[in-house]
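**Q** Dumping the structure here so I can ask a few things about it.
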Amino acid sequence: MKYDLPKNVRIINRTIENDQAVTLHLAVQIDFAPGQFLMIWIPGVDEKPFSIAGSDREGVMITVRRRGNFSRRLSGLDVGASVGVRGPYGKAFKLAENCCLVAGGVGFACLAPIADLFSHAPIFYGENTAKNRIYQKRFPRLNFYTVDGSGGKKGVPTDDLEALIQQQGCKMVYCCGPEPLIVKTMRISQSLGVDCQVAIERYMKCGIGICGQCVCGPTRVCVDGPVFDGLYLLNNPDFGHRRLDATGGWESIEVIQKEKRNHEN
Amino acid sequence: MIKNLDLSVELFGCMLKNPIILASGILGTTRNLLRMVSQNGAGAVTIKSISVDPRKGHPNPTVLAFGHGLINAVGYSNPGLEKAVQEFSDLHEIGCPVIGSIIGTCVEDFSRVAIEFDKLEFSALEVPLSCPHTPEYGKMGNQDNPDAVFRIVSAICSNTSKPLLVKVPPAANDLVEMALAAKAAGAYGITAVNTVGPGMLIDIDSGKPYLGFGMGGISGPAIKPLAVAAVFQLYKAVDMPIIGTGGVSTGRDVIEMIMAGASAVGIGTAVLSRGLSVFQEITEEIKQLLLERGVSSIADIRGLAHEV
């Protein structure tokens, strides 16, 4: 049987991305591939999944946007504090250099390791409003969009996707973000006959394929995902529509998106 | 694949294509996942336990692999009866018999869930009266004794004609008395055993227990000897079908449970160690082991360890 308990690691750097989000640099070497995630534990509080947002010789990074109690606690931790880490978990992206990236919100964190790897790949990144932008210094040159027009181009990151794919002949589109954005990206890729891989999110508990909380159709997002082939997800009965909440009851993706927008505005 | 060897068993009035049953609490959250497990070869599947009201369960970490199995304190998170009735409709589409698991804090709760589950296509019901880590339920609700078993089983059986399995704790002094009480109250069979516990693991760096709830139930290879002994004791003392559950992860383990007296076997933690293919693989392993021994059916070896 596996031995897979959280390991305590120190926060060695803390970058303030904006007034809602921080990037924490954790002093732990993890052999991961882009798309994989970690379970981050604050002892005595809770444990949640986070995409691995990057790495260097000192360790790995996660980006935390404040949503609820746990993310508020985690994003408030100072350099020198410790968190528990287990992972990496999940399936990674299959890598193709001739690609472009479509990121929505903090979903950018999941794609950032690909952007590090393929530094010439075009990035389309959108937020509801400009003050939510992350990775200003890390990725200063990208196509930035805001829904409210407060920064970058007014619109969403899929607006210019079709034109770019046709111009540059990208062979792969990587996407992570709100489900409506992912659906749009998958449809555009499908219509142009371009491969598309996406990383999705569900309420996660065990992270190891046992509890059934992160189910999406017949698949478990923690072990069968979080990265899926776009074509596969287009035929998944739950994707884009519903997910389980903490109790195991269905909640509507549309309602969640609406609440998130109201919270941000 | 080995053919011409029939592993089917009759249980709660159904023919199971093999004696391997998905245990409650593992992957049983939705009908799609149950169907997935069925397609992967399970003989029957059990849903995650349902209470009258929705429950969020304990904070994470709720399930951890500690090297010898799992320690868990999920805390019975479930969407509640109303949503469960919607989710677990049209169960004939699952492709194998489905067992409905019921939890409650009082006799009335068990009855309310039983009344609604009676209308669904569950082949059997199960009531775990032995959870070691959820306040007001199982051990922490003082439900793991013959009196409570009798009251709860009587209440459920007066509200449904579906066969009822009672899930008992391992290493209990009054294990046999609990099973006898279950039988006297109208239960069909015993699921032996629930997770062992409470257990606890502490992170020595933070000085805090790993599990969000602190204590949890232990499952997996570490508890198999306890489960085999419980099945052995129950088979000797009580004439009821037993589903041997606890640490089963190979075909050999299944044969062992059946020789102890089990009619079928529950699989949970092995989904972690071997993946969803565990059901199909174990079935093949059982066939191979039976062939090697010149045994043509499971019934021929049931309770073999009791022969003198």
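The values are calculated or read from the model by the stated rules, or taken from the named source; none is laboratory data. All values reported here derive from a predicted model rather than from experimental measurement. Every residue, glycine as well, gets a Cβ built from its backbone with ideal geometry; the counts of neighbours run over all protein chains shown. Ligands, DNA and RNA are excluded from the accessible area calculation, which covers all protein heavy atoms including side chains. Shrake-Rupley method; radii C 1.70, N 1.55, O 1.52, S 1.80 Å.
**Q** Leaving out ligands, DNA and RNA but keeping every protein chain, what accessible area does A:Y203 have, in Å² rounded to the nearest 10, with a 1.4 Å probe?
**A** 70
**Q** Now for a different question. What average number of partner chain Cβ atoms lie no more than 10 Å from the Cβ of the residues making up B:195-203?
**A** Counting other chains' Cβ atoms within 10 Å and averaging over B:195-203 gives 1.
**Q** Here's a follow-up. Quick one: pull the percentage of alpha-carbon pairs in the stretch A:99-255 with a separation above 19 Å. Don't skip to the end; give the middle numbers.
**A** Values: 6618 of 12246 pairs.
Cα-Cα pairs in the stretch A:99-255 separated by more than 19 Å: 54 percent.
**Q** Would you mind calculating the relative contact order of the stretch A:7-89 from Cα pairs under 8 angstrom and at least 6 residues apart, reporting the percent as a whole number? Display every interim value, and only then the final one.
**A** On the way: 175 pairs, mean separation 33.0, N = 83.
Taking the mean separation of contacting Cα pairs over the length of the stretch A:7-89, I get 40 percent.
**Q** Separation between the A:L164 and B:C14 pseudo-spin-labels, each 7 Å from Cα along Cα→Cβ, expressed in nm?
**A** 5.1
**Q** Next question. Any chance you could run the full-extension gain for A:E259 through A:K171? It's 0.36 nm times the residue separation minus the Cα-Cα distance, nm to one decimal.
**A** Numbers: separation 88, 0.36 × 88 = 31.68 nm, distance 3.51 nm.
28.2 nm is the gain from fully extending A:E259 to A:K171.
**Q** Rounded to the nearest 500, what is chain B's calculated 222 nm mean residue ellipticity when only DSSP H runs of at least 4 contribute -39500 (n - 2.57) each, over all residues?
**A** Details: 9 runs with 94 residues, N = 308.
Here the helix-only value at 222 nm equals -9000 deg cm²/dmol.
**Q** Taking H placed 1.01 Å from N in the peptide plane, check which residues at least 5 places from B:T191 or on another chain put their amide H under 5 Å from its amide H.
**A** For B:T191, the qualifying residues are B:V166, B:K167, B:V168, B:I243.
**Q** Just name one of B:A44, B:P54, A:Y3: the one whose Cα is farthest towards the positive end of the charge dipole of the protein assembly as shown (beta-carbon charges, Lys/Arg +1, Asp/Glu -1).
**A** Highest projection toward the positive end goes to A:Y3.
**Q** Answer with one residue from A:L164, B:Y188, B:S8: the one whose Cα lies farthest towards the positive end of the charge dipole of the protein assembly as shown, charges on Cβ with Lys, Arg +1 and Asp, Glu -1.
**A** Highest projection toward the positive end goes to A:L164.
**Q** log10 I(q)/I(0), Debye, Cα-only the stretch B:210-272, no solvent, q = 0.17 Å⁻¹?
**A** -0.56
**Q** Further question: Determine the sum of side-chain charges near A:K171: Lys and Arg each +1, Asp and Glu each -1, restricted to other residues whose C-beta is under 12 angstrom from that of A:K171.
**A** Details: positive: A:K94; negative: A:E97, A:D195.
Surrounding charge for A:K171 is -1.
**Q** Still on this model: So, with a 1.4 angstrom probe, what is the percent of accessible area on chain B that is carbon and sulfur? Each step should come with its number before you reach the end.
**A** On the way: 5760 of 11160 Å².
Exposed carbon and sulfur together represent 52 percent of the surface.
**Q** Which order, highest average first, do B:222-228, B:275-281, A:235-241 follow once you tally other Cβ atoms within 10 Å for each residue and take the mean per peptide? All intermediate terms of the calculation are to be shown ahead of the outcome.
**A** Details: B:222-228: 21.6, B:275-281: 18.0, A:235-241: 16.0.
Sorting B:222-228, B:275-281, A:235-241 by mean packing, highest first, produces B:222-228, B:275-281, A:235-241.
**Q** Further question on the same structure: Take every residue in peptide B:51-61, count the Cβ atoms of other chains within 10 Å of its Cβ, and give the average of those counts.
**A** Working: counts 0, 0, 1, 5, 3, 4, 6, 2, 9, 15, 12.
Mean partner-chain Cβ count within 10 Å for B:51-61: 5.
**Q** What is the distance in Å between the Cα centres of the stretch B:224-265 and the stretch A:78-132?
**A** Centre-to-centre (Cα) distance: 48 Å.
**Q** Using θ = phi - 60° and the Karplus curve 6.51 cos²θ - 1.76 cosθ + 1.60, what whole-Hz ³J(HN,Hα) does each residue of the stretch A:168-178 get, with Gly and Pro shown as x?
**A** 9, x, 4, 9, 8, 10, 9, 9, 8, x, x
**Q** Quick one: putting +1 on the C-beta of Lys and Arg, -1 on the C-beta of Asp and Glu, what dipole do you get for the stretch B:54-204 around its Cα centre, in Debye to the nearest 20? Walk me through the numbers on the way to the answer.
**A** Details: 10 positive and 16 negative charges, 25 e Å.
Charge dipole of the stretch B:54-204: 120 debye, to the nearest 20.
**Q** Sticking with this structure for a sec: How much length would be gained if the chain were fully extended between B:A299 and B:E284, taking 0.36 nm per residue of separation minus their Cα-Cα distance, in nm to one decimal? Please report the intermediate quantities before stating the final value.
**A** Working: separation 15, 0.36 × 15 = 5.40 nm, distance 1.72 nm.
Taking 0.36 nm per residue and subtracting the Cα distance, the gain is 3.7 nm.
**Q** Work out the FRET efficiency for B:N40 and B:L291 from their Cβ-Cβ distance, taking R0 = 35 Å, and round it to the nearest 0.05.
**A** On the way: r = 23 Å, r/R0 = 0.64.
After rounding, the FRET efficiency stands at 0.95.
**Q** Of the peptides A:142-148, B:60-66, how do they stack up when ordered by the mean number of other Cβ atoms within 10 Å, highest first?
**A** Values: A:142-148: 18.1, B:60-66: 24.4.
Top of the packing list down: B:60-66, A:142-148.
**Q** Taking N as the number of residues in the protein assembly as shown, what is its Cα Rg relative to 2.2 N^0.38 Å? All intermediate terms of the calculation are to be shown ahead of the outcome.
**A** On the way: Rg = 25.2 Å, N = 573, 2.2 N^0.38 = 24.6 Å.
Rg over 2.2 N^0.38 Å, computed on Cα atoms: 1.03.
**Q** If amide hydrogens are placed 1.01 Å from N in the peptide plane, which non-local residues have theirs closer than 5 Å to the one on B:V63?
**A** Hits under the 5 Å cutoff: B:A73.
**Q** Among the listed pairs B:K83/B:K162; A:K184/A:K260; B:K119/B:K236, give every one whose C-alpha distance is greater than 28 Å.
**A** Working: B:K83/B:K162 21 Å; A:K184/A:K260 19 Å; B:K119/B:K236 35 Å.
Among B:K83/B:K162; A:K184/A:K260; B:K119/B:K236, the Cα-Cα distance tops 28 Å for B:K119/B:K236.
**Q** Next question. Are there DSSP H segments in chain B that both extend 18 Å or more along their axis (alpha-carbon positions) and score a mean Kyte-Doolittle hydropathy of at least 0.0? List them, or say none.
**A** Working: long enough: B:224-237 (20 Å, 0.84); B:278-292 (21 Å, 0.12).
Helices meeting the span and hydropathy rule in chain B are B:224-237, B:278-292.
**Q** Between the stretch A:5-51 and the stretch A:189-232, how many Å separate their Cα centres?
**A** Using only Cα atoms, the two centres lie 21 Å from each other.
**Q** Working only with C-alpha atoms, what are the Rg and Dmax values of chain A, expressed in angstrom?
**A** Gyration radius and largest Cα-Cα distance of chain A: 17.5, 52 Å.
**Q** Let me ask you something else. Relative contact order of chain B, please, whole-number percent, based on alpha carbon pairs below 8 angstrom and at least 6 residues apart. Could you put the intermediate results ahead of the total?
**A** On the way: 724 pairs, mean separation 55.3, N = 308.
With pairs under 8 Å counted, the relative contact order is 18 percent.
**Q** Another question, if that's okay. Would you be so kind as to identify which of A:P88, A:F144, A:G230 lies farthest towards the positive end of the dipole of chain A, taking Lys and Arg as +1 and Asp and Glu as -1 on Cβ and the Cα centre as origin?
**A** Selected residue: A:P88.
**Q** For the stretch A:56-165, rounded, prolate or oblate, judged on the Cα gyration tensor with a ≥ b ≥ c (square roots of eigenvalues), a/c < 1.5 rounded, else prolate if a/b > b/c? Walk me through the numbers on the way to the answer.
**A** Details: a/c = 2.19, a/b = 1.34, b/c = 1.64.
Verdict is oblate for the stretch A:56-165.
**Q** Quick check: from the Cα gyration tensor, does the stretch B:9-306 come out rounded (a/c under 1.5), prolate or oblate? It would help to have the intermediate numbers written out before the result.
**A** Numbers: a/c = 1.29, a/b = 1.12, b/c = 1.15.
Because its axes are fairly even, with a/c under 1.5, the stretch B:9-306 counts as rounded.
**Q** Let me ask something else. For the stretch A:7-89, what Kirkwood radius comes out of the mean inverse Cα-Cα distance, in Å?
**A** Details: mean 1/r = 0.0802 Å⁻¹.
This gives a value of 12.5 Å.
**Q** Using a 7 Å offset from Cα along Cα-Cβ at A:E58, what residues in the stretch A:13-51 end up with backbone N under 14 Å from the label point?
**A** A:13-16, A:23-29
**Q** Taking R0 as 45 Å, what FRET efficiency do you get between B:E307 and B:R151 from their Cβ-Cβ distance, rounded to the nearest 0.05? Working shown, then result.
**A** Values: r = 37 Å, r/R0 = 0.82.
Step by step, r from the Cβ atoms, then E = 0.75.
**Q** Pulled fully out, how much extra length does the chain show between B:S161 and B:L120, if you take 0.36 nm times their separation in residues and subtract their Cα-Cα distance?
**A** Working: separation 41, 0.36 × 41 = 14.76 nm, distance 1.20 nm.
The span from B:S161 to B:L120 would gain 13.6 nm if fully extended.
**Q** Determine the sum of side-chain charges near A:R133: Lys and Arg each +1, Asp and Glu each -1, restricted to other residues whose C-beta is under 12 angstrom from that of A:R133.
**A** Values: positive: A:R65, A:K131, A:K137, A:R138; negative: A:E17, A:D19, A:E127.
Within the 12 Å Cβ shell, the charges total +1.
**Q** Rounded, prolate or oblate for the stretch B:195-308? Axes are the square roots of the Cα gyration tensor eigenvalues, ordered a ≥ b ≥ c, and the cut-off for rounded is a/c under 1.5. Write out the running numbers ahead of the final one.
**A** Working: a/c = 3.29, a/b = 1.75, b/c = 1.88.
In terms of gyration-tensor shape, oblate.
**Q** If amide H atoms are built 1.01 Å from N in the plane of the peptide, which residues on other chains or at least 5 residues away come under 5 Å of the amide H of A:V85?
**A** The answer is A:K7, A:N8, A:V9, A:W41.
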